[in-house]
Amino acid sequence: MSKKGFELNREGVRTLLRSQEVMDACMKLATAAAGRCEKEVEISPYTGRNRVNVSLSASGADNALLRAMGGGS
C-alpha cells in the first residue's frame, strides 16, 4: 500500500483566510456572541498579515463576554 500525500498551497490558504467570505463568517459569529452579552460590546474587524481577525471587547471587568460565549460561571 502506498502513501498518498498532498502539498499545501500556502499562498492559496493565505488568500482564503484573508477573504471577504471569511471576514463575513467571523463577523456573523462575533455579532451573535455580542448579542448574547448583557453589556455593550465593541466589535473591531481587521485584516492581519495572514488572516482576518475580529476582536470583541465588553465594557466592565466582570467576564460578561466570556459568559455570553459559553465560558465562565
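The values are calculated or read from the model by the stated rules, or taken from the named source; none is laboratory data. Every value quoted in this text rests on a predicted model; they were computed, and no experiment measured them. Glycine also receives a Cβ, built like all others from the backbone with ideal geometry; neighbour counts cover every protein chain displayed. Accessible surface is based on the protein model in full, side chains and every heavy atom, while ligands, DNA and RNA are left aside. Shrake-Rupley method; radii C 1.70, N 1.55, O 1.52, S 1.80 Å.
With the structure loaded, tell me whether V54 is β-branched (V, I, T), closer than 30 Å to R10 by Cβ and crowded, with 17+ Cβ neighbours inside 10 Å or whether it fails that test. Taking the combined requirement at face value, the residue satisfies it.
Among the residues of region 57-64, some residue qualifies, meaning at least one is assigned to a helix (DSSP H, G or I) and either surrounded by 14 or more Cβ atoms within 10 Å (Cβ to Cβ) or in contact (Cβ under 8 Å) with a residue 12 or more places away in the chain (or both).
Sort out which residues of region 10-39 are open to solvent by less than 80 Å² (accessible area, probe 1.4 Å), within 12 Å of the chain's Cα centre (by Cα), within 17 Å of L65 (Cβ to Cβ) and touching a residue at least 12 places away in the same chain (Cβ under 8 Å), and write them in order of number. Listed by number, the residues that qualify are C26, M27, A30, T31, A33.
The set of residues from region 1-20 being assigned to a helix (DSSP H, G or I) and either among the polar types (S, T, N, Q) or more than 17 Å from S55 (Cα to Cα) (or both) comprises R10, E11, G12, V13, R14, T15, L16, Q20.
One line per residue, one yes/no per condition, for (1) touching a strand residue (DSSP E or B) at 6+ places or on another chain (Cβ under 8 Å); (2) at pLDDT 90 or above:
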{"position": "R14", "(1), (2)": "no, yes"}
{"position": "R18", "(1), (2)": "yes, yes"}
{"position": "E21", "(1), (2)": "no, yes"}
{"position": "A30", "(1), (2)": "yes, yes"}
{"position": "G35", "(1), (2)": "no, no"}
{"position": "I43", "(1), (2)": "yes, yes"}
{"position": "Y46", "(1), (2)": "yes, yes"}
{"position": "R49", "(1), (2)": "no, yes"}
{"position": "S57", "(1), (2)": "yes, no"}
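Looking at E7, E42, just one residue is over 18 Å from G71 (Cβ atoms), loosely packed, with under 10 Cβ neighbours inside 10 Å and either out of contact with any helix residue (DSSP H, G or I) (no Cβ under 6 Å at 6 or more places or on another chain) or touching a residue at least 40 places away in the same chain (Cβ under 8 Å) (or both), and that residue is E7.
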